[in-house]
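First the structure, in the form of structure tokens, and then the observations on it.
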Amino acid sequence: MTTSNPPLLDNHGRPVNYLRLAVTDRCNLRCFYCMPEEGIKYLPKKALLTYEEMERMVRVLAAMGVNKVRITGGEPFVRNGLLYFLGRLGQIPGIDALHLTTNGVLTAPHVTELKVIGVRSVNLSLDTLDRDRFRHITRRDELPKVLDTLFGLLANGIEVKLNVVVMEGKNTGDILPMAELTRQYPVSVRFIEEMPFNGEGNRFAGFTWNYRRILEELKAHYPALYKLADEPNATAYEYGIPGHAGRLGIIAAFSRSFCGTCNRIRITAQGLLKTCLYDDGGLDLRKLLRTGATDEQLTLAFRAAFSRRAKDGFEAEARRSSHQPASESMSTIGG
Ligand code: SAM
Ligand code: SF4
């Protein structure tokens, strides 16, 4: 990086070095906390950023100090050419950590290639080990394929984090069975507070499973649970259990207790820049890219967006232009 292109900082002095890039809004599951069962209006193909456009943005961001990229969606594996794209990203100077979030339905056959490309870790979404409940939550009967992915990743030595959304009345009985996976397997099982991003335009009622309650549940069953040091910029509070191969995490995604150290940039599949998960996407990067913006103009646009970033998710939500609370589908944001 040259002095003429210093690292990207926001207006609160936070370094911004982690890009979460959604490559599609399409998905082969219908997790009820993320998407309605029917009537989803997918973006037309031409509204999606092309891989070339995404690669260019990653290069511009890498020149400003972004060194970590997570590919997400929608389900990344439903977009053709994903592995080729990942391989290209892995070669961009400055990008030293490539990560992926997937539902695991189409992933198992590609695990060895992910390893070759150098994908450092995979976040696999899995809310239950019970096949009926899986079908109920995702509205598809795909648990066996997801488990194939889990065990394929473990067999290939790729770091795995399991994302478990904790849902009142749906899978709170799965908290302990999911946590038990850490006894034998070197996985990180992360329990995520449910957020209102279900694409239904309505807030869920009765949010009671916040991070404190999840922690109480875990402590009641594992009295020897101990706190681990949290990684810098982490969203998860991490815990260990003596004798277990893996670790536990709790992500206060709705309580938003981690905003103070947020280092993330989100780019949606249609190229909207989000400086916060809860904002409504201030900058239209697709328009800039398709109207001939130079790299320098893109750089300035990123800097301008981060010079007026909300200090936390509550402020970002309050500033939404619609004045409506956040409720779009997470499949358009990427998590
Ligand atoms: N389809 C991929 C998957 O499910 O892993 C990637 C995209 S998905 C939108 C990314 C993450 O967001 C998943 O781990 C999912 O569980 C999480 N997520 C989706 N909707 C959520 C919600 N309403 N509250 C909390 N987490 C949510
Ligand atoms: Fe698809 Fe992931 Fe949303 Fe589930 S959470 S519907 S797998 S995008």
* Asked: Just checking, how many residues over region 287-313 are open to solvent by 60 Å² or more (accessible area, probe 1.4 Å) and either farther than 22 Å from residue 15 by Cβ or touching a helix residue (DSSP H, G or I) at 6+ places or on another chain (Cβ under 8 Å) (or both)?
  -> 7
* Residue satisfying condition, being over 15 Å from residue 270 (Cβ atoms), of a type in the set (Phe, Trp, Tyr) and more than 16 Å from ligand 2 (Cβ to nearest atom), within set 33, 18, 51 -> 18
* Asked: Since residue 74 meets every condition but one in (1) at negative phi; (2) surrounded by 15 or more Cβ atoms within 10 Å (Cβ to Cβ), which condition does it not meet?
  -> (1)
* Structure fact -> Just one listed residue, out of 196, 186, is farther than 21 Å from residue 33 by Cβ and not in a strand (DSSP E or B), and it is 186
* Structure fact -> Those residues of region 142-180 that are within 14 Å of ligand 2 (Cβ to nearest atom), assigned to a loop (DSSP other than H, G, I, E, B) and farther than 15 Å from residue 27 by Cβ come to a total of 3
* Asked: Is at least one residue of region 8-24 closer than 24 Å to residue 125 by Cα, small (Gly, Ala, Ser) and away from ligand 1 (no atom under 16 Å from the Cβ)?
  -> no
* **Test: residue 63 is more than 10 Å from ligand 1 (Cβ to nearest atom) and either at pLDDT 95 or above or touching a helix residue (DSSP H, G or I) at 6+ places or on another chain (Cβ under 7 Å) (or both)** => yes
* To do: Scan region 106-137 residue by residue and report those that are open to solvent by less than 10 Å² (accessible area, probe 1.4 Å), of a type in the set (A, V, I, L, M) and within 16 Å of ligand 2 (Cβ to nearest atom).
  => 122, 124, 126, 137
* Structure fact -> Out of (1) more than 10 Å from ligand 1 (Cβ to nearest atom); (2) at negative phi; (3) at pLDDT below 95, the one residue 167 does not meet is (1)
* Structure fact -> Going through (1) farther than 27 Å from residue 236 by Cα; (2) touching a residue at least 40 places away in the same chain (Cβ under 8 Å) one by one, residue 306 fails only at (1)
* With respect to the numbered conditions (1) within 16 Å of ligand 2 (Cβ to nearest atom); (2) surrounded by 20 or more Cβ atoms within 10 Å (Cβ to Cβ), which one is the sole condition not fulfilled by residue 99? -> (2)
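Here's the yes/no breakdown for (1) modelled with pLDDT of 95 or more; (2) within 13 Å of ligand 1 (Cβ to nearest atom); (3) not polar (S, T, N, Q):
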position	(1), (2), (3)
122	yes, yes, yes
125	yes, yes, no
184	yes, no, no
202	no, yes, no
* Working only within region 214-227, note down all residues that are surrounded by 16 or more Cβ atoms within 10 Å (Cβ to Cβ) and within 25 Å of the chain's Cα centre (by Cα). => 214, 215, 217, 218
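The values are calculated or read from the model by the stated rules, or taken from the named source; none is laboratory data. Only a predicted model underlies this, so the values are computations on that prediction, with no experimental measurement involved. Neighbour counts run over all protein chains shown; Cβ positions are idealised from the backbone, glycine included. Ligands, DNA and RNA are stripped out before the accessible areas are found, and what is left, the full protein with its side chains, is counted by its heavy atoms. Shrake-Rupley method; radii C 1.70, N 1.55, O 1.52, S 1.80 Å.
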